[in-house]
Amino acid sequence: MPRHKRNCHPCQNKILLKELLGSPVIKLENISSYVCRNRYDSPNQPLSEHALANALDVSGFVLASGEHITVLDSWPKASPPLPLQNPIRVTSIGGWAEAILLVMNPKSEFVKKIHDDACGTFETVLGPEANEAHKNHFHLDMKERRSAFCQ
Ligand SMILES: [Zn+2]
């Protein structure tokens, strides 16, 4: 039986998400659900959770306002490196590091929050930062694991 993890209050999350975009989500766009295949369609990989009808791939969201938000277009992007007058020292032994800034706007905050909140519900969450295969969607599955897998 899948465990419900962490403290997650769906109504509170719904209100926060509506405040981010000014309109509630009325539809999820699912680009894959049940498909009889191995992971990444590779003969060398184990059976995908999609083959067990235990996974969804969500690529976008439609708001009541009619606006369409896709994971591909709205996932936070790293900004180009900025010249820093006063670089930030991030480690005591690693020296100086370039600051990596994520470009955030309400849509990017929304998709990032959806991803992060999904990690509290699903056993596996893979998004654009997991790998190239997930650049345009969130893979969500309920495979039982010792600990949740969230990337
Ligand atoms: Zn998937």
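We did not get these values from a lab; they are worked out from the coordinates using the rules stated. What you are looking at is a predicted structure, and each value in this text was computed from that prediction instead of being measured. Here the Cβ positions follow ideal geometry from the backbone for every residue, glycine too, while neighbour counts run over all protein chains shown.
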*Which order, highest average first, do 116-123, 27-34, 130-137, 54-61 follow once you tally other Cβ atoms within 10 Å for each residue and take the mean per peptide?*
54-61, 116-123, 130-137, 27-34
*From the cross-link list K107/K135; K107/K143; K27/K107, which pairs have alpha carbons spaced over 27 Å apart?*
K107/K143
_Partners for K77 among aspartates and glutamates (Cα-Cα distance below 18 Å; same-chain residues under 8 apart left out)_ = E98, E109, D116, E129, E132
*Report the label-to-label distance for E19 and D116 in nanometres (one decimal), using points 7 Å from each Cα along the Cα→Cβ vector.*
1.4 nm
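Beta carbons within 10 angstrom, averaged per residue: use that to sort the peptides 140-146, 38-44, 70-76, highest first. Display every interim value, and only then the final one.
On the way: 140-146: 13.7, 38-44: 10.3, 70-76: 17.4.
Highest mean packing first, the order is 70-76, 140-146, 38-44.
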